[in-house]
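Single-structure report; data block below.
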Amino acid sequence: QVQLVESGGGLVQPGGSLRLSCTASGRTFSSAAMAWFRQAPGKEREFQAAINCRGGGSVHADSEKGRFTISRDNAKNTVYLQMNSLKPEDTAVYYCATRNGCYLKTGANDYDYWGQGTQVTVSS
């Protein structure tokens, strides 16, 4: 059974930073592309970033380019999302997801397993 466990969320002031982590088990991590999505109350799940299985290629949502960075450590079965210059509109539940394949995708339907989510709240 594939399991994804996110951590690192919390309350942060505008302009602050957080690093989210997602540790995977039950699948050969180094063969799986990974992604981060978020969902704010009343809104649809929104793509944030994805990275291929080797970590050599990544893509970020246009609205977050320059502020968010996805990375992975295959030795630790972990993917990260570094979030800088956070804004109140970044408040959401952040989910990591995995797909059975090396190539990164940006659609939620391309991912077959999801974590439980971690809450990020940006507020003063």
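The values are calculated or read from the model by the stated rules, or taken from the named source; none is laboratory data. Keep in mind it's a predicted model, so treat the numbers as computed, not measured. Positions of Cβ are generated from backbone atoms using ideal geometry, with glycine treated the same way; all protein chains shown enter the neighbour counts. Quick note on the areas: whole protein, heavy atoms, side chains included, nothing else; ligands and nucleic acids left out. Shrake-Rupley method; radii C 1.70, N 1.55, O 1.52, S 1.80 Å.
Assorted remarks:
- The residues neighbouring Gly66, those whose beta-carbon lies less than 15 Å from its own, together hold a net charge of 0 under the Lys/Arg +1, Asp/Glu -1 convention.
- For a label point 7 Å along the Cα-to-beta-carbon line of Arg45, residues of the stretch 68-106 with backbone N under 17 Å: 92-101, 104-106
- Full extension of the chain between Ser30 and Thr106 yields a length gain of 25.5 nm, computed as 0.36 nm times the residue separation minus the alpha carbon distance.
- For the stretch 13-65, dividing the convex hull volume of the Cα atoms by the residue count gives 125 Å³ per residue.
- Using every pair of separate Cα atoms, the Kirkwood estimate puts the hydrodynamic radius of the chain at 14.1 angstrom.
- Among beta bridges identified by DSSP and lying wholly in the chain, the antiparallel ones come to about 90 percent.
- Exposure rank, largest accessible area first [Tyr80, Tyr94, Tyr113; 1.4 Å]: Tyr113, Tyr80, Tyr94
- Accessible surface of the chain, 1.4 Å probe, proportion on carbon and sulfur as whole %: 43
- Summed side-chain charge close to Val5 - residues other than Val5 whose Cβ falls under 14 Å, Lys, Arg +1, Asp, Glu -1: +1
- Note that the stretch 46-119 presents 49 Å² accessible area per residue, ligands and nucleic acids not counted, probe 1.4 Å.
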